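Step one of this worksheet: look at the structure below.
The values are calculated or read from the model by the stated rules, or taken from the named source; none is laboratory data. Because the structure is a prediction, the values reported are computed rather than measured. As a convention, Cβ positions derive from the backbone with ideal geometry for all residues, glycine included, and neighbour counts pool all protein chains shown. Heads up: the accessible areas ignore ligands, DNA and RNA and are worked out on the full protein's heavy atoms, side chains in. Shrake-Rupley method; radii C 1.70, N 1.55, O 1.52, S 1.80 Å.
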Amino acid sequence: QAQPVESGGGLVQPGGSLRLTCTASTIAFEYYSMKWYRQAPGKGREMVASIADDGHKTYSPSVEGRFVISRDNSIQQVYLQMNDIVPEDAAVYYCNADRGLGDSRNYWGQGTQVTVSS
């Protein structure tokens, strides 16, 4: 299903930074809207940030001003730069690739764990 692969998670201290990477293997990657979701223990999956094919970005209010989403179409990657991390950012972060053509062109990664600890 052309599943994307996340990397870059790990242990980070409050106030620190991480950069997550999502690597896609889809044909016509440049036409996909790329999104980052996260799911903390006991909570539902939350959309964190998205970047459309035209570069338009959206953010959850909980991360706006701290996180930055970007993409490099030449190597089929999308990034989430996480700055000023707080304990509430701890979650499994998932990458989603959405062609906008229904479920047959919507792919999820397996996730990467972000742990926040002093």
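Numbers below:
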quantity	calculated
Subset of region 49-98 [more than 12 Å from the chain's Cα centre (by Cα) and within 21 Å of S25 (Cα to Cα)]	A52, D53, D54, G55, D72, N73, S74, I75, Q76, D98
Output for region 103-118, where each listed residue is outside any strand (DSSP E or B) and either open to solvent by 90 Å² or more (accessible area, probe 1.4 Å) or among the aliphatic types (A, V, I, L, M) (or both)	D103, R105, Q110, S118
Region 87-102 - residue that is open to solvent by 50 Å² or more (accessible area, probe 1.4 Å) and part of a helix (DSSP H, G or I) and, of those, nearest to P14 (Cα to Cα)	P87
Tally, over region 60-86, of residues that are open to solvent by 60 Å² or more (accessible area, probe 1.4 Å), free of Cβ contacts under 8 Å to residues at least 60 places away in the same chain and of a type outside the set (V, I, T)	5
Residue match in region 9-19 (condition: modelled with pLDDT of 95 or more and of a type in the set (V, I, T))	yes
Of the criteria (1) open to solvent by 80 Å² or more (accessible area, probe 1.4 Å); (2) without any contact (Cβ under 8 Å) to a residue 24 or more places away in the chain; (3) touching a Phe, Trp or Tyr at 6+ places or on another chain (Cβ under 7 Å), which one K57 fails	(3)
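Residue-by-condition table, conditions (1) under 21 Å from D103 (Cβ atoms); (2) open to solvent by less than 20 Å² (accessible area, probe 1.4 Å):
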residue: S17; (1), (2): no, no
residue: L20; (1), (2): no, yes
residue: T26; (1), (2): yes, yes
residue: Y31; (1), (2): yes, no
residue: Q39; (1), (2): yes, no
residue: R45; (1), (2): yes, no
residue: D53; (1), (2): yes, no
